[in-house]
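The values are calculated or read from the model by the stated rules, or taken from the named source; none is laboratory data. Quick caveat, the model's predicted, so the values are computed rather than measured. Every residue, glycine among them, receives a Cβ derived from its backbone with ideal geometry; neighbour counts consider all protein chains shown. Only protein heavy atoms, including side chains, enter the accessible area calculation; ligands, DNA and RNA are left aside. Shrake-Rupley method; radii C 1.70, N 1.55, O 1.52, S 1.80 Å.
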Amino acid sequence: MAYLQPWMLWVLPAVLLPIIIHLLNRLRYKTVHWAAMIFLLKANRAATRRAKIRQYILLFLRCLVLLFLIWAMARPLVGGWIGSAAGGAPEAVVLLFDRSASMEMRGGEGQESKRAHALSLLSQAAKQSTGSHFVLIENVLRQPLEIADASTIATMQMCEATDTAADLPAMFRVALDYLAKNKPGSAEVWIASDLQASNWRPESAEWQDITARFNGLTQGVRVRILDLSSPPGNNTSLTLKTAELRVRDEKTGKAQLSLGLELKTDSGHKGTLPLLFTRDGAKSQVDVPLNSATQRQNLKFDLPKAETGWGELELPADSNPGDNTAYFAYAPPVPLKTVIVAEGASAQRFRLAAAPDKSRTDRVAEIIPAARAENIAWKDTALAIWAAPAPGEAAAKALQGWVEGGGVLLCFPPGGEETSGPLGITWTASEVALKTTPFRVTAWDDLDGPLARTDNGTPLGLAKLEIARRQVPSGGETDHTSAAFADGKPFLLSHKVGTGMVYACATLPDGDWSNFGDGFVMLPMTQRLLTLGGKRLAPPSLAIAGEWQPPDAQETWTAVETDRRRDWRWHAGVYRNGAHFIALNRPESEDAPELVDRARLPEMLHGVKLTVMAGALELKADRLQSEIWPAMIVLTMLFMCAEMALATSKAMLPLKPTSKSPSSRPPAPKPRAAEAVA
């Protein structure tokens, strides 16, 4: 509880005035012992007890009148989220403010964004905690920022909307570092968040360390969470997956722009969705049929010339304007070279998968025998396909450096009895399946990676693979199984080496091994890995806001699609530096609707003094704390009325003497005349 006029609390000792006056009044009387009073005291003993009770009640009511009158004049404020009457305002308040893209979802009565509503609540709360020192930690820079006037946080640049994601465990760690370093006497941590699971990561082991550090603080720290979560509304999000410029005619230079999109709708709406398409400032409309809650869509646009450009796609307005726009940039394709270290029919199939269209000069493939691997020009190579024994020392060292620099290596079994491959890849002994029951691939990652679904959402045909022979790969503890056989053994493994990737497949495209060479899996997988490896050869054109960093910190990047000032550190958009464009979009995780169960918060912060303010979207800022002095004035008047009624009531007065008491005896008869004369 806080007070607008806390100095009035110094007058609280005046509550003792009725007691002091009562004691002083008792000193005014002097006790005189008189023998005749003994009978009167015995007769009035019961009445005296009733009189004392009456006096004590009157004394108590008069104290309450003064107490509530002084309390009302201090103008107390109550609110279930801001402190308690016993604890008072903390010395330090650390604000963890989530301004990620999902916080732009509209909600509440005013239909303002969750971020704006949180700022209004926090500003109002800060006005009533003037004795506290406020520190702001937001989700992008995650640096403690001391605030001179916390009631003005709604106007601060560091509280503006962003197109980034939030990392709540990392924000908690920064807050703990600040508290451990500065050691305030008492502190509170306020969190304003929509409880999006991708930002909180409730399954992370980090929470055990966070709770241990909280419980290890010497000062008392309370955590208060402003719960801004809400059920999904009528919202559709737009995510850009790919933007690729392809040369369609080498003679005329005509090109085609291919955009891979993902549309998600919370309401299950189906129908035609109008998209506003902007390319190099020119606007047009594209109608997209919406047939499911999550839909992949590929849009293609013919261009007269393959040159650098930029653009954006925009959905109609809905409950979250922050996920309605996607930006893209494109440039003429860089020639991508594939080096194939293999022999026989497999080598030719690998070459066709890497460069299937001879008319395209941006895809080339070269077959090199294993004995000449030392002569490979790795500098211009995007993808290496290796289906041979492990290379020699010199070739292995060059291959290692190339992969660490961003290259992609795809390994296949060498065949025969050889079980060792490049960069630590090993193979089990060759296994041959029964003719009637070939090895089947039953599980694979169809959302990301080389085996993901196609642009229109169709899964790759891994279930159609019939594998008669296999050699299961193994690379190390960091291996990720991208696809697995029915018995759980890996079909495709991957692991990261430096900034590059190494993949290992369990079968060859030869006919006596499998039907992998038919191309329905090998072709898209190889092309995706070629594109991945080609990223090191050209500056990126697509990146994630909040994660991308310019190659040179001194470079100046300016927004091109708007005249308003934008900061590439936290705003999506198209930015330009010289002739190069970069399109930044919000993270895909911000479109995930999963929320942290409110009941799990005490488990995640086990042992921490925690208060969760549920339903914060429905709470008005001016009601976060409210003055209760009018109610106290009413109670004061009620106490006064009760005191008056009791003081004038005859029910509690001493009883009148009855005929049985000595004081009520009839008067003595008058003496007769004779007796009088005598």
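Okay, here's what the table says:
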item: Rough spin-label spacing in nm, given labels placed 7 Å along Cα→Cβ, for Leu276 and Ile544; result: 2.8
item: Eligible aspartates and glutamates near Lys435 by straight Cα distance, threshold 15 Å, same-chain separation 8 or greater; result: Glu466, Asp512
item: For the chain, average projected area of the Cα convex hull in nm²; result: 50.1
item: Peptides ranked, highest mean first, by Cβ atoms within 10 Å: ranges 543-556, 146-159, 382-395; result: 382-395, 146-159, 543-556
item: Residue-span extension gain [Lys379 to Ala345] - 0.36 nm each, minus C-alpha spacing; result: 9.5 nm
item: Cα-Cα over 18 Å, subset of Lys337/Lys496; Lys305/Lys535; Lys241/Lys464; Lys337/Lys535; Lys241/Lys535; result: Lys337/Lys496; Lys305/Lys535; Lys241/Lys464
item: Kirkwood Rh (inverse of mean 1/r, distinct Cα pairs), the range 284-357, angstrom; result: 17.0
item: The range 99-247 - Kirkwood radius from inverse mean 1/r over Cα pairs (Å); result: 17.1
item: DSSP bridge pairs, the chain: antiparallel proportion in percent, nearest 5; result: 65
item: Solvent-free Debye scattering, log10 I(q)/I(0), computed from the Cα coordinates of the range 313-394 at q = 0.16, 0.19, 0.20, 0.27 Å⁻¹; result: -0.67, -0.83, -0.89, -1.29
item: Span from the the range 233-312 Cα centroid across to the the range 432-482 one, whole angstrom; result: 30
item: Residue-normalised accessible area of the chain, given per residue in Å² at a 1.4 Å probe; result: 52
item: Share of pairwise Cα separations in the range 549-639, more than 16 Å, in percent; result: 76
item: Surface share of carbon and sulfur [accessible, 1.4 angstrom probe, percent] for the chain; result: 56
item: Prolate/oblate/rounded label for the range 351-496 (Cα gyration tensor, a/c 1.5); result: oblate
item: Mean projected area in nm² (Cα convex hull; one quarter of hull surface) for the range 189-296; result: 12.3
